[in-house]
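The values are calculated or read from the model by the stated rules, or taken from the named source; none is laboratory data. Everything quoted here is computed from the prediction, not taken from an experiment. Cβ atoms come from the backbone with ideal geometry, glycine included; neighbour counts cover every protein chain shown.
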Amino acid sequence: MTVQSSIINRKSKIKLYWPLIKSTQTGLLLATGIAGYLSAGTRIGLLTLLGMSISLFLAISGSTILNMWYDRDIDAKMKRTHKRSAASGELDHKEVFGVGTAVSILGIGWAISIAPFYGLVVFAGWFFDVVIYTLWLKRRTAWSIVWGGISGAMPILAGRVLAIGHIDLVGVLLALAILFWIPTHTLTFSIRFREDYANAGVPTFPSTYSDTFTRATIAISSMLAALAIGWASVLIGISAGYLRLIAVLTAGLLLLAFATFRVESERVNFGLFKYASLYMLSSMIILAMKAY
Amino acid sequence: MKMSALDRVLLLITVFLSAYQIVIGIDDLSTAPIIAYTIAFGVLLVAGLLLIILGFDVLESPIVVIVSTIIPLTLSLGLVWEHLASYRTGYLIFVLIGFAAVTLTRSITMQNKLPITTIAIVHGIAGITIFLLPIILSMQGVMKPAFALVGIGGALIGIGGLLLSFFKAGKPILSREMILRIFPSLLLLMTICFITGFKFG
């Protein structure tokens, strides 16, 4: 009976912690890391790839849990996030902090043990997310998203660094692609859930500037993301067929970005958000194909 | 009308097949047909994705009539470029003028029948080219019999394009519900015909 209740307790703990790592977002960032590694076209070390995946997963999850821990007060004020277990009080906040810290240390430590420079890039991503974005800027300026973006760009750079041992132009372009792609996410959310952010007192682009400015920023950053992916794809030397596919997908992204700029519609805006996610995932798969 | 899960699956398969065709299916052709077919299947791919993401409401956009003209125009251009060398320049001019005419007549408000007539002429010529040319080529033995499937795809795209265009022009041939019900299947069937025809023809 005691063993049974202990298992049930552990299961419910996992159930409560799982949303704290934002599995979809973490999965997508992990995919960018793997794509960054495979894009180099070097010989694939399966153990290295596995170690990279686990260390990245842990580091990203750790930073996300710490973000949830620190933002539990503002999450509790927002309809979209108030049910999160850190915000609702279902989990003890000291425990959440402890788990977030432990998972972070494990992930970054593992990354450093695989390759110190790779570990440094992973740590940079964690630092930009937890310290610069979450602790320092998120509640102060709408421009904090730039630092969130830089943090999100680190996994793909880390993957590339692990494969080739240094930072090259392709790595920088891939990181820029992610950096410019992230605003389509964050800014779309800031328009869609504007009341939530206002209630929580978090400065956003729509509240600080205007919807028009926000939509223009989304459109321009999508175009820059497409440009960076396209340029990186050419430098990586992917086949003509896959280049054609990237060109087609990019054309769709630009069309939607243009529509977002022209038409004042949340629906079109959300369409761009979804398309941009699909675009990024597809691009990552195509870049990863380079390995074969 | 809400899009069903089956509609989404059919559209997703269309998207994957179009991606396959863009990446692998046209690799051994010359530059001009590659560009033409990439645009054709690219429009199909992006249209499929947008339909999945935004639903059938995306068809309400005024840009649909213009975009739906691109597929038959570029597909027929690719076929003419590959198989009717002496008509290349003339057909390219027709494609450019035809597309400009459709864009222009759909962008300016007109009370007369010019927009409908323009669509009918442009779709008609491009559709007949895609329908007849592969069938004739396969019957003459220039291409393998399977190439005729491209013609069948052409017939399907002609039907789809005309249904959409006349619907958007306010003179529907079928009801909106009926068009939307058959649209994903029509797109998939058409794509299968094109890809099979190009691969085995």
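How about the range A:255-276: which of its residues are under 21 Å from the mean Cα position of the chain (by Cα) and more than 10 Å from chain B (Cβ to nearest Cβ)? Even if it seems obvious, please write down each step before you answer.
Of the range A:255-276, the ones under 21 Å from the mean Cα position of the chain (by Cα) are A:257, A:269-276.
A:ALA257, A:ASN269, A:ALA276, listed by residue number.
Kindly indicate whether B:ILE97 is touching a residue at least 40 places away in the same chain (Cβ under 8 Å), surrounded by fewer than 19 Cβ atoms within 10 Å (Cβ to Cβ) and assigned to a helix (DSSP H, G or I). First the steps, then the outcome.
On the way: touching a residue at least 40 places away in the same chain (Cβ under 8 Å): no; surrounded by fewer than 19 Cβ atoms within 10 Å (Cβ to Cβ): yes; assigned to a helix (DSSP H, G or I): yes.
Taking the combined requirement at face value, the residue does not satisfy it.
Out of (1) in contact (Cβ under 8 Å) with a residue 12 or more places away in the chain; (2) over 14 Å from the mean Cα position of the chain (by Cα); (3) over 27 Å from B:ILE53 (Cα atoms), what's the single condition that is false for B:LYS168?
All conditions pass for B:LYS168, except number (3).
Residues of the range A:277-292 being more than 10 Å from every other protein chain (Cβ to nearest Cβ) and free of Cβ contacts under 8 Å to residues at least 60 places away in the same chain, which ones?
A:TYR292
Are there any pairs with C-beta distances below 7 angstrom linking a residue in the range B:41-66 that is under 10 Å from B:MET3 (Cβ atoms) to a residue that is surrounded by fewer than 17 Cβ atoms within 10 Å (Cβ to Cβ) and charged (D, E, K, R), with the two at least 6 apart or on different chains, and if so which?
Short answer, once both residue conditions are applied: B:ILE52/B:ARG8; B:LEU54/A:ARG267.
What number of residues within the range B:9-34 satisfy the criterion of being more than 9 Å from every other protein chain (Cβ to nearest Cβ) and closer than 15 Å to B:LEU77 by Cα?
So the answer is 5.
For the structure I just gave you, tell me whether B:SER86 is farther than 30 Å from B:MET1 by Cα and surrounded by 17 or more Cβ atoms within 10 Å (Cβ to Cβ). Please lay out each step first, then the result.
Values: farther than 30 Å from B:MET1 by Cα: yes; surrounded by 17 or more Cβ atoms within 10 Å (Cβ to Cβ): no.
It is false that B:SER86 is farther than 30 Å from B:MET1 by Cα and surrounded by 17 or more Cβ atoms within 10 Å (Cβ to Cβ).
Between a residue in the range A:180-205 that is free of Cβ contacts under 8 Å to residues at least 12 places away in the same chain and any residue that is assigned to a helix (DSSP H, G or I), which pairs come within a Cβ distance under 7 Å, given they are 6 or more apart or on different chains?
Within 7 Å, the pairs are A:ALA198/A:SER207.
Which of the following residues is within 14 Å of chain B (Cβ to nearest Cβ) and either surrounded by fewer than 19 Cβ atoms within 10 Å (Cβ to Cβ) or in contact with a Phe, Trp or Tyr (Cβ under 6 Å, 6 or more places away or on another chain) (or both): A:LEU249, A:LEU245?
When all the criteria are applied, what remains is A:LEU249.
Kindly check whether there is at least one residue in the range B:53-68 that is closer than 21 Å to A:SER283 by Cβ, modelled with pLDDT under 95, within 13 Å of chain A (Cβ to nearest Cβ) and in a helix (DSSP H, G or I). Quick ask: steps written out before the conclusion?
Step one: list which residues in the range B:53-68 are closer than 21 Å to A:SER283 by Cβ, which gives B:53-54.
Add one more test, that the residue is modelled with pLDDT under 95, and what stays is B:53-54.
Now narrow it down to the ones that are within 13 Å of chain A (Cβ to nearest Cβ): B:53-54.
Filter again for in a helix (DSSP H, G or I), leaving B:53-54.
Among the residues of the range B:53-68, at least one is closer than 21 Å to A:SER283 by Cβ, modelled with pLDDT under 95, within 13 Å of chain A (Cβ to nearest Cβ) and in a helix (DSSP H, G or I), which makes the answer yes.
Would you mind listing the helices (runs of 4 or more DSSP H) fully within the range A:1-108 where at least 1 residues are under 20 Å from the mean Cα position of the chain (by Cα) and within 25 Å of A:ALA276 (Cα to Cα)? Write out each step before concluding.
On the way: elements: A:2-17, A:23-38, A:46-70, A:72-77, A:85-88.
Result: A:23-38, A:46-70.
Take the range B:137-177 and flag every residue that is loosely packed, with under 15 Cβ neighbours inside 10 Å and either acidic (Asp, Glu) or under 23 Å from B:GLY197 (Cβ atoms) (or both).
Filtering the range B:137-177 for residues loosely packed, with under 15 Cβ neighbours inside 10 Å gives B:139-142, B:144-145, B:170-177.
B:MET139, B:GLN140, B:GLY141, B:VAL142, B:LYS144, B:PRO145, B:GLU177 - these are the residues of the range B:137-177 that are loosely packed, with under 15 Cβ neighbours inside 10 Å and either acidic (Asp, Glu) or under 23 Å from B:GLY197 (Cβ atoms) (or both).
Please go through (1) within 30 Å of A:ASP73 (Cβ to Cβ); (2) within 13 Å of chain B (Cβ to nearest Cβ); (3) crowded, with 22+ Cβ neighbours inside 10 Å for A:PRO183 and return the number of the only condition it doesn't satisfy.
(2)
Which residue, of A:ILE112, A:ILE167, is surrounded by fewer than 19 Cβ atoms within 10 Å (Cβ to Cβ), among the aliphatic types (A, V, I, L, M) and not in a helix (DSSP H, G or I)?
A:ILE167
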